[in-house]
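**Q** Let me begin by handing over the structure; questions about it come next.
The values are calculated or read from the model by the stated rules, or taken from the named source; none is laboratory data. Please read these numbers as outputs of a predicted model, since none were measured by experiment. In this analysis, Cβ positions are derived from the backbone assuming ideal geometry, glycine residues included, and neighbour counts consider all displayed protein chains.
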Amino acid sequence: SDRLIIKGGKIVNDDQSFHADIYIEDGIIKQIGENLVVPGGVKSIDAYGHLVIPGGIDVNTSLHMPYLGMTPADGFYHGTKAALAGGTTMIIDHVLPEPGTSLLVAYDQWRELADSKSCCDYSLHVDITRWHENLTEELEALIKDKGVNSFLVFMAYKDKYQCTDSQMYEIFGIIRDLGAIAQVHAENGDIIEEEQKRLLESGITGPEGHVLSRPEEVETEAVYRAITIAKQANCPLYVTKVMSKGAADTIAQAKRKGMVVYGEAISASLGTDGSHYWSKNWAKAAAFITSPPLSQDTTTPDYLNSLLSCGDLQVTGSAHCTFSTAQKAVGKDNFTLIPEGTNGIEERMSIIWDRSVTTGKMDENEFVAVTSTNAAKIFNLYPRKGRVALGSDADLVIWNPKETKIISAKTHHLAIEYNIFEGMECLGAPVVVMSQGKIVLEDGKLRVTEGSGRFIPRKTFPDFVYKRIKARNRMADIRGVPRGLYDGPVHDVTMATKAVASTPSCRGSSCPGKAQMAPLRNLHQSGFTLSGNQMDDHIPRRTTQRIVAPPGGRSNITSLS
Amino acid sequence: MNDQRRNWNKEDCLPVYLTRPRTMFASVEGAYENNTIDYDAYRVGKKRSDRLLIKGGKIINDDRSFYADIYLEDGLIKQIGENLIVPGGVKTIEANGRMVIPGGIDVNTYLQKPYHGTTTVDDFYQGTMAALAGGTTMIIDHVVPEPGGSLLAAFEKWHEAADKKSCCDYSLHVDITQWHEGVKEELEILVQDKGVTSFQVYMAYKDVFQMTDSQLYEAFTFLKGLGAVVQVHAENGDLIAQEQNKILSMGITGPEGHALSRPEELESEAVFRAIMIGNRINCPVYITKVMSKSAADIIAQARKKGAIAFGEPLTASLGTDGTHYWSKNWSKAAAFVTSPPLSPDPTTPDHLNMLLACGDLQVTGSAHCAYSTAQKAIGKDNFTLIPEGTNGIEERMSIVWDKAVTAGKMDENQFVAVTSTNAAKIFNMYPRKGRIAVGSDADIVIWDPDKIKTISAKMQNSALEYNIFEGMECRGVPLVVICQGKIVFEDGKLHVLQGMGRFIPRKPFPEYVYQRIKTRNKKMEILGVSRGMYDGPVYDVPATPKYITPSPSPAKNQPPPIRNLHQSNFSLSGAASRQLEGCNNTNKHYKHTTIIGTQVDDNIPRRSGHRIVNPPGGRSNITSLG
């Protein structure tokens, strides 16, 4: 067993900070307090003058995203190693199944890979790349048996991953019933495709085409639509990769109107901007390619940091998905082929500290909230992760707020040869990082064990998200109006064949397999009647609705008042 | 006469408005100084000349009000001013200081909309009669072709029916009920030869009229090229279909299901999307039927960000709300069924009137589409089958006056703007319509701002047996309505002539809408970055992937499958001159890229907003990106 005592540090949780020592045994926090009684011969770590924070949780990584037969240069090993070096002790990676294939198979593949390679604890999101018949069963299996409680749907990547609005509504309904989190990649794929066509036709093939074909508005629109759909389905919504002011504002406004919606900013959108797409250096410009793209507006990082500070955005990820320059060069003649993704797994914590805490936007507690605690709450890992407390996992970081680090491809722990934050000076860095009670970073040296990371299964119905949804489910009962039968004249309609085409209000068949509504029946032929009594007659009417007419069916309605 | 009208596009038969040089629309000030006008120049054919003098009225245009007399002849305004010299024996109307306003233009009517083999009970005759009685002297009706049917054929059908029946001038919008390649040709003909320059597309009615975002993008692009006004019925049809299924399965079949299945959010979402698509293409977007606060707010916000978007609230949304869907009286509840539905929020009419007053919304229509109660009862057991539409053609002017002007939100000039002038400008009929000026059509209303009218189905000119505004008291009614220089409404009596209305053709590229678009087109040209060729290593991708290529961004049009540069022994240094050589000895898709290296715009200063960090030229070694 590994025994450790951290002495003299200032413990920072999302709600308060206090000075205390921490005793760790078997990868778990066993004691917190002063003058702890601990067994002899325990290794002691001196944290005087430093902060002791819960290890970061990176909610969005794609360490194994397949693209044209390639996989990212940083796999689970390099990726998690870099994560630990930056103070992140847990990642949640995206499983991206091949469209049309089984989600379960893809999940198993990812599990196997990560189990053998990951150096820190991990969990998995599963991306729903195509709607199909057995989806409900697969989702149920993943949720109940596999410990996955978050799923991503795509509004972009037309003809590949993209979902229609109807499909999203269906999926959100399933997800809500099962108590999982619906994540959405929000960009309007239809419009992007048209724009790509137009740009390629006009001869623009470089990386600037990427950002030109995916303007901010296209992201904002999709966020707005996703929120609308989620609201209809009464499903909590989580927007991954908030890259622009417009998208962030839309989320903030929706929260103000009572939506249960969360927004995730990423290292790249918090630390840099999209002006680099216009770099004359192709490789540099291509390095920034990710979707949604970085905003060209140079004030965006500042703005997103502000929203993160005030709680309008809640979590931070990295969307780390790194393809080497040679891999990016696959799209050197066509920007639509450039594999998407930037680095950020290692830099995330430092960038947020530097941009938000040192600038005075955010305090240290809020920092812990957005880098770790909120993620743990939303994805139902709390308080095992995301908090320094008795019984929590010993994923701890000793943070030196005064240390300056210069980000550079020469010193980072990634396999790629560039770094989009190259040259950025960040105040605030981890001095010691502990994962599962073991010291993995100390004195600038990284000691990781490949495959030591455990899969952390997650349960459904996280309270942080679902308490409100459940209450609303009870409230949201819609009631019809009990009214007498209409007994006036009815226009005779030939409901024959050709009329079908011109029905102005059609009930579209939603998704394949969805129960079809019964075709119209002619009541006159059926001899079916209903008296005024209906089963909900005794239920009081919605109070807010003014009812002007007397009850009962009046057939003669020349006057409507 | 009929033939002459139908052949309007022949130069010699052009209506007088189109043949006159622009100078005929002398400013009103000019008209004071120069009262002698060359009457003959305005004479059309052998038309019986109607001469009228309106004395002592207060003329209201959208920009200002002033006292003057108006002399009308041959359906045109010939003189404006004081002490006019007019021929003897002219009929004189004493306005006694009342307001004289340009006749209203109702931009949205459905007087012949088919539904399951039936059509609206108010046809072009009944509908335009009601319009005139309410002070509206021109309508723009929607042609609704069968999905997949010919737009031209439908247009001709509507044109013919309206020519025979309409009592006031009219023009036509054509609804694009299905988007396919063949439509483009028809649209071109409609715009160039038929005088139709506005088209409605649908984001709702899944599997019937609805278009996907890609189709909208294409349609917008194409219509913008024609200089047309793109109208959008904005509701998210996918979600409506889902909600309808859900609500029917819950056993709710009454009209309240209509409102429940089409919540406000679905309207505002679609408005947001439509405007976004318009912005992408730099195409103006006109949202028909703005029914909710949130939809109106989105238009207002978009305008503040520079979008060229217009919003049209309706008589119904300005005058009443959606609480009536919960009425216990089925027929009453069904009478309010229209799409998007009226908002159940009773503060909506006030909010919309406010936005109309401040210019965030620009025009008003009625979306008059009158189905009798018996017709509505087709959907008595299923709300999705209730034919949609409310009345409003007759009440529009009075309701706007009562709710906005009497309430102090709007002044009389803005009233003229939102009921007439703005519509004329957007749909390119200005200043023939929408203004009281020398040379304009004599479509004039003498308005009594103080008289009170109680709206009732018993009094109305519509053929309907109900009225959704039943019992509403409106301050402000028309006293005299003059259409084409003839008095059609006086002392509460209508004198109309069936078939008297003319089709008013419209030209594309209305200045009011397209001026900014044209400027932006020039400003918004996209420039690529001229950079040296990337000559570093390229990852070897198997040319034929085993599975369907999972490229995140599907490479649409061919720019070819990746080639392996290492095999082609083609190399490029950073120097531009070398690139040209390279161009010669390589195949065509390289030419493509190389041309970019020496772009025509190399000497044009770069977009100033973008910081360029790196030196020009291709650097292959990019370990450091700083």
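**Q** Please work out if A:S44 is within 19 Å of A:M434 (Cα to Cα), in contact (Cβ under 8 Å) with a residue 24 or more places away in the chain and either crowded, with 22+ Cβ neighbours inside 10 Å or among the small types (G, A, S) (or both).
**A** Details: within 19 Å of A:M434 (Cα to Cα): yes; in contact (Cβ under 8 Å) with a residue 24 or more places away in the chain: yes; either crowded, with 22+ Cβ neighbours inside 10 Å or among the small types (G, A, S) (or both): yes.
Here the answer is yes, as A:S44 does meet what is asked.
**Q** If I ask for residues that are over 21 Å from the mean Cα position of the chain (by Cα), more than 14 Å from chain A (Cβ to nearest Cβ) and among the hydrophobic types (A, V, I, L, M, F, W, C), which ones from region B:480-529 would you list?
**A** Hits for region B:480-529 are B:V480, B:V481, B:I482, B:C483, B:I487, B:V488, B:F489, B:L494, B:V496, B:L497, B:M500.
**Q** Would you check if there is a residue in region A:278-298 being crowded, with 24+ Cβ neighbours inside 10 Å, more than 24 Å from A:L68 (Cβ to Cβ) and among the aromatic types (F, W, Y)?
**A** yes
**Q** Quick one: is B:I101 buried (at least 19 other Cβ atoms within 10 Å of the Cβ), modelled with pLDDT of 95 or more and more than 18 Å from the chain's Cα centre (by Cα)?
**A** The answer is yes for B:I101.
**Q** Then there is this: Please go through region B:135-167 and give me each residue that is surrounded by fewer than 24 Cβ atoms within 10 Å (Cβ to Cβ), hydroxyl-bearing (S, T, Y) and within 30 Å of B:V445 (Cα to Cα), ordered by number.
**A** Those that are surrounded by fewer than 24 Cβ atoms within 10 Å (Cβ to Cβ), hydroxyl-bearing (S, T, Y) and within 30 Å of B:V445 (Cα to Cα): none in region B:135-167.
**Q** Further question: Go through the residues of region A:322-337 one by one and say whether even a single one is more than 10 Å from every other protein chain (Cβ to nearest Cβ) and crowded, with 24+ Cβ neighbours inside 10 Å.
**A** yes
**Q** Let me ask something else about it. Could you tell me which numbered condition B:D169 fails, if it satisfies all but one of (1) touching a Lys or Arg at 6+ places or on another chain (Cβ under 6 Å); (2) within 10 Å of chain A (Cβ to nearest Cβ)?
**A** Going through (1) touching a Lys or Arg at 6+ places or on another chain (Cβ under 6 Å); (2) within 10 Å of chain A (Cβ to nearest Cβ) one by one, B:D169 breaks only (2).
**Q** Let me ask you something else. Quick one: in region B:168-227, of everything that is outside any helix (DSSP H, G or I) and aromatic (F, W, Y), which residue is surrounded by the fewest Cβ atoms within 10 Å (Cβ to Cβ)?
**A** B:W179
**Q** Could you tell me which residue of region B:353-374 is nearest to the other protein chains (Cβ to nearest Cβ), considering only residues that are under 16 Å from B:K293 (Cα atoms) and polar (S, T, N, Q)?
**A** By that ranking, first place goes to B:N353.
**Q** So in region A:69-79, with the set limited to residues that are within 12 Å of chain B (Cβ to nearest Cβ) and surrounded by fewer than 20 Cβ atoms within 10 Å (Cβ to Cβ), which one is modelled with the lowest pLDDT?
**A** A:G69
**Q** Further, regarding this structure: Among the residues of region B:107-159, which ones are more than 14 Å from chain A (Cβ to nearest Cβ), charged (D, E, K, R) and not in a helix (DSSP H, G or I)?
**A** Answer for region B:107-159, where residues must be more than 14 Å from chain A (Cβ to nearest Cβ), charged (D, E, K, R) and not in a helix (DSSP H, G or I): B:D122, B:D123, B:D141.
**Q** With respect to B:Q215, determine if the residue is under 18 Å from B:P145 (Cβ atoms) and touching a residue at least 60 places away in the same chain (Cβ under 8 Å).
**A** No.
**Q** I need a count of the residues in region A:417-471 that are part of a loop (DSSP other than H, G, I, E, B) and within 14 Å of chain B (Cβ to nearest Cβ). Walk me through it before giving the result.
**A** Going residue by residue through region A:417-471, those that are part of a loop (DSSP other than H, G, I, E, B) are A:417-424, A:436-437, A:443-444, A:447-454, A:456-462.
Those left that are additionally within 14 Å of chain B (Cβ to nearest Cβ): A:417-424.
Selection size over region A:417-471: 8.
**Q** Among the residues of region B:330-345, are any over 24 Å from the mean Cα position of the chain (by Cα) and outside any helix (DSSP H, G or I)?
**A** yes
**Q** Given the criteria more than 23 Å from B:C369 (Cβ to Cβ) and not in a strand (DSSP E or B), does B:G439 qualify?
**A** Working: more than 23 Å from B:C369 (Cβ to Cβ): yes; not in a strand (DSSP E or B): yes.
Taking the combined requirement at face value, the residue satisfies it.
**Q** Tally the residues that are farther than 20 Å from A:V184 by Cα and of a type in the set (F, W, Y), restricting the search to region A:82-112.
**A** 1
**Q** While we're on this one: Take the residues of region A:357-368 that are surrounded by fewer than 24 Cβ atoms within 10 Å (Cβ to Cβ) and either within 21 Å of the chain's Cα centre (by Cα) or assigned to a loop (DSSP other than H, G, I, E, B) (or both): which is farthest from the other protein chains (Cβ to nearest Cβ)?
**A** Looking at the filtered set, the residue picked out is A:D363.
**Q** Here is a follow-up. Within region A:118-135, does at least one residue satisfy the condition of being assigned to a helix (DSSP H, G or I), away from chain B (no Cβ under 14 Å) and touching a helix residue (DSSP H, G or I) at 6+ places or on another chain (Cβ under 6 Å)?
**A** Kept after step one, since they are assigned to a helix (DSSP H, G or I), are these residues of region A:118-135: A:135.
Checking which are away from chain B (no Cβ under 14 Å) leaves us with A:135.
Cutting the leftovers down to touching a helix residue (DSSP H, G or I) at 6+ places or on another chain (Cβ under 6 Å) gives us none.
Scanning region A:118-135, I find no residue that is assigned to a helix (DSSP H, G or I), away from chain B (no Cβ under 14 Å) and touching a helix residue (DSSP H, G or I) at 6+ places or on another chain (Cβ under 6 Å), so the answer is no.
**Q** Follow-up question, since we're still on this one. Going by the structure shown, is A:L63 closer than 22 Å to A:S116 by Cβ and more than 14 Å from every other protein chain (Cβ to nearest Cβ)? Spell out the reasoning first.
**A** Working: closer than 22 Å to A:S116 by Cβ: yes; more than 14 Å from every other protein chain (Cβ to nearest Cβ): yes.
When the stated conditions are applied, A:L63 passes them.
**Q** Picking from A:T240, A:T220, which residue would you name as being more than 8 Å from every other protein chain (Cβ to nearest Cβ) and within 30 Å of A:F464 (Cβ to Cβ)?
**A** On the way: A:T220 fails: more than 8 Å from every other protein chain (Cβ to nearest Cβ).
Sole residue among the options that is more than 8 Å from every other protein chain (Cβ to nearest Cβ) and within 30 Å of A:F464 (Cβ to Cβ): A:T240.
**Q** Tell me, which residue of region A:162-204 that is surrounded by fewer than 23 Cβ atoms within 10 Å (Cβ to Cβ) and in a loop (DSSP other than H, G, I, E, B) is nearest to the other protein chains (Cβ to nearest Cβ)?
**A** A:I204
**Q** Scan region A:377-385 and give yes if some residue there is at pLDDT 95 or above, buried (at least 23 other Cβ atoms within 10 Å of the Cβ) and either within 16 Å of A:I351 (Cβ to Cβ) or within 11 Å of chain B (Cβ to nearest Cβ) (or both), otherwise no.
**A** The answer is no, given that none of the residues of region A:377-385 is at pLDDT 95 or above, buried (at least 23 other Cβ atoms within 10 Å of the Cβ) and either within 16 Å of A:I351 (Cβ to Cβ) or within 11 Å of chain B (Cβ to nearest Cβ) (or both).
**Q** Would it be correct to say that B:D350 is among the acidic types (D, E), free of Cβ contacts under 8 Å to residues at least 24 places away in the same chain and away from chain A (no Cβ under 14 Å)?
**A** Here the answer is no, as B:D350 does not meet what is asked.
**Q** I've got another one for you. Can you confirm whether B:G501 is under 30 Å from B:G97 (Cα atoms) and either touching a Cys at 6+ places or on another chain (Cβ under 8 Å) or at pLDDT 95 or above (or both)?
**A** yes
**Q** Condition check: of a type in the set (V, I, T), outside any loop (DSSP other than H, G, I, E, B) and buried (at least 22 other Cβ atoms within 10 Å of the Cβ). Does A:I24 satisfy that? Steps first, answer last, please.
**A** Details: of a type in the set (V, I, T): yes; outside any loop (DSSP other than H, G, I, E, B): yes; buried (at least 22 other Cβ atoms within 10 Å of the Cβ): yes.
So A:I24 fits the description; yes.
**Q** Residues being in contact (Cβ under 8 Å) with a residue 60 or more places away in the chain and either among the small types (G, A, S) or touching a Phe, Trp or Tyr at 6+ places or on another chain (Cβ under 6 Å) (or both): count how many of those fall in region B:507-546.
**A** 6
**Q** Right, something else. Every residue in region B:375-419 that is within 14 Å of another protein chain (Cβ to nearest Cβ), in a loop (DSSP other than H, G, I, E, B) and farther than 18 Å from B:P478 by Cβ, please.
**A** Within region B:375-419, B:K380, B:D381, B:N382, B:I386, B:P387, B:E388, B:G389 qualify.
**Q** Could you say whether any residue in region B:366-374 is over 20 Å from B:P340 (Cα atoms) and either β-branched (V, I, T) or not in a loop (DSSP other than H, G, I, E, B) (or both)?
**A** yes
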